[in-house]
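I have placed the structure first, in the form of structure tokens, so that the comments after it can refer back to it.
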Amino acid sequence: MTKKLINWKVVIHVVGSLLMISGGLMTFSIPFSIYFDDGMLNYLIISCLITFGTGISARLLTKKHNNDEIKKREGYLIVALGWLSMAVFGSLPYLISQQIPSISNAFFETMSGLTTTGATILGEEGHKISELAPSLLFWRSMTQWIGGMGIIVLTIAILPLLGIGGMELFIAEAPGPTKDKIHPRIKETAKRLWIIYFGLTVAETVMLMIAGMSFYDAINHALTTNSTGGFSTKDGSVGEFHSPIYEYIITLFMFIAGTNFTLIYFGFKGKFKYFLKNDEFKWYLMAVLGLSVFLTPFVMSNYDTLEESFRTVLFQVVSMITTTGYASADFTLWGPLVTFIFFLLLFSGASAGSTSGGIKIVRIVVLMKNGFLEFKKRLHPNAVIPVHLNKEPVSTKIIYNLLAFIFLYLFIFTIGSIALTAFGVEFAEALSAVATSLGNVGPGIGKLGPAEHFAWLPDGTKWILSLLMLMGRLELFTVALLFTPYFWRRN
């Protein structure tokens with residue numbers, strides 16, 4: 001008997017588990033609905049029951065496949081279909097309550113949350129962020145927190161159902177190319193990652209409250225900072241608070257969230273030598289400080305003091321490079337040079353192994369080093385001169401993989417931009433929308449700048465951008481592979 005190419009029942013079983021977790025986390029919004037008496041209680045309960053009920057039904061129908069091995073094909077399908085399913089069911093509170101009545105808008109907002117992009121359709125008159133029910137605003141923030149480290153890793157950490165297949169899921173979902181292991185067992189690694197993630201969220205919540213922010217605003221911003229998501233409870237984002245201390249606290253946690261979580265773990269263990277030895281972290285730190293110092297003189301005419309100018313630029317640089325997307329000011333008003341630099345930051349991302357999106361600094365550093373080595377190879381064509389990262393040689397296979405990733409990234413960016421212009425979106429906005437969606441950043445330029453929203457885009461483009469967000473969040477190949485004939489062939 002020929003063995004099945006894909007064990008769909010094990011895929012359905014694990015996706016059901018994800019929906020159960022998603023439905024459970026949705027209940028965290030219920031206390032806020034009761035406290036604020038916002039009229040959303042029944043809608044939230046219905047959404048939770050539908051999501052959890054669908055998940056448990058899927059598990060019960062496939063319970064005989066609980067211990068089946070998860071192979072590569074099943075791993076990729078679980079990750080892609082898991083995120084897609086959570087986006088569909090995560091949009092239920094918006095749709096059932098009619099707070100966001102459009103299916104396109106509700107799905108876009110949910111996908112933007114789960115992928116930690118932060119692009120929003122809220123902003124038009126009658127549909128502003130401040131007009132959304134508090135409990136739904138909390139669910140909106142929670143979607144980013146879930147997506148920050150990845151619901152797949154959460155499942156590995158708390159459910160002993162994946163067995164050896166857990167590694168396949170972690171490879172497909174883990175953000176960024178990193179070989180470092182906190183612990184040799186993937187389940188233990190996932191637990192440690194989530195402990196760090198949870199701890200940072202609690203720490204930021206407490207610090208913001210001590211600084212004077214309300215518990216509700218503090219927890220929402222902590223959820224969306226550590227996930228590098230950028231959803232705020234205010235229409236004017238963080239800038240609406242007009243608080244330097246809030247900006248410094250959030251800047252600090254955005255920077256931490258953009259750091260490789262393996263390094264953060266070693267930092268908590270007191271092993272700071274790993275930071276000094278890590279080339280990517282050094283480039284990340286230099287990029288943040290260098291750009292902030294360089295850009296500050298260009299914005300000083302807009303502010304009263306040097307400190308305010310530097311703080312505002314630093315906040316925006318960290319927000320963009322970590323793909324968080326918060327705004328303390330509208331950088332598109334700072335002149336064409338500054339705007340262009342921030343447009344380039346839509347592509348970069350922060351560290352591999354962090355919650356940020358984008359290409360990631362480690363890829364850029366390796367390819368830059370490889371490019372410079374080509375000059376030496378021209379003079380010494382027979383010499384074997386490897387690229388070094390963290391004082392170790394980088395294999396040719398990894399270089400090829402990075403080149404393939406960059407090519408695919410730029411190819412998808414080009415196709416996506418063409419698709420948006422076909423819908424009548426202007427050239428600059430099309431480039432901006434695709435770059436910010438694929439990089440999971442949030443704000444763009446032009447009519448999609450930090451002070452704007454995505455509601456005016458045609459519905460068709462919102463579905464395209466939602467797909468780009470998912471592809472960007474899952475490192476391109478996880479989703480793109482499903483569209484290739486190779487994935488569906490046995491040989």
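The values are calculated or read from the model by the stated rules, or taken from the named source; none is laboratory data. Small disclaimer: the values here were computed from a predicted structure and weren't measured. No Cβ is skipped: glycine too gets one built from the backbone with ideal geometry, and neighbour counts run over all protein chains shown.
Remarks
- Residues of the stretch 210-234 that turn out to be under 18 Å from residue 320 (Cα atoms) and surrounded by fewer than 24 Cβ atoms within 10 Å (Cβ to Cβ), as a count: 1
- Some residue of the stretch 270-285 being at pLDDT 95 or above, assigned to a helix (DSSP H, G or I), surrounded by fewer than 12 Cβ atoms within 10 Å (Cβ to Cβ) and among the charged types (D, E, K, R): no
- Qualifying residue in the stretch 425-433 (condition: in a loop (DSSP other than H, G, I, E, B) and either touching a residue at least 24 places away in the same chain (Cβ under 8 Å) or buried (at least 18 other Cβ atoms within 10 Å of the Cβ) (or both)): yes
- Residues that are at pLDDT 90 or above, closer than 20 Å to residue 147 by Cβ and assigned to a loop (DSSP other than H, G, I, E, B) within the stretch 454-475 comprise just one, 454.
- Residues satisfying the stated conditions in the stretch 27-70, i.e. aromatic (Phe, Trp, Tyr) and more than 19 Å from residue 215 (Cβ to Cβ): 43, 52
- Residues of the stretch 360-379 that turn out to be in contact with a Ser or Thr (Cβ under 9 Å, 6 or more places away or on another chain) and surrounded by fewer than 24 Cβ atoms within 10 Å (Cβ to Cβ), as a count: 1
- Verdict on residue 110 being polar (S, T, N, Q) and either assigned to a loop (DSSP other than H, G, I, E, B) or at pLDDT 90 or above (or both): yes
- Qualifying positions in the stretch 8-56 - at negative phi and charged (D, E, K, R): 9, 38
- Odd one out for residue 13, checked against (1) touching a Lys or Arg at 6+ places or on another chain (Cβ under 7 Å); (2) of a type outside the set (A, V, I, L, M); (3) surrounded by fewer than 23 Cβ atoms within 10 Å (Cβ to Cβ): (3)
- The number of residues in the stretch 235-267 being of a type in the set (Gly, Ala, Ser), crowded, with 24+ Cβ neighbours inside 10 Å and on the phi < 0 side of the Ramachandran plot comes to 2.
- Residues in the stretch 303-311 include at least one that is surrounded by 13 or more Cβ atoms within 10 Å (Cβ to Cβ), of a type in the set (D, E, K, R) and touching a residue at least 60 places away in the same chain (Cβ under 8 Å).
- In the stretch 36-67, the residues that are out of contact with any His (no Cβ under 8 Å at 6 or more places or on another chain), modelled with pLDDT under 85 and outside any helix (DSSP H, G or I): 67
- Of all the residues in the stretch 1-35, those that are assigned to a helix (DSSP H, G or I), under 30 Å from residue 71 (Cβ atoms) and among the aliphatic types (A, V, I, L, M) number 10.
- The stretch 323-364, residues that are hydrophobic (A, V, I, L, M, F, W, C), assigned to a loop (DSSP other than H, G, I, E, B) and either closer than 19 Å to residue 221 by Cα or under 18 Å from the mean Cα position of the chain (by Cα) (or both): 327, 329, 350, 352, 359
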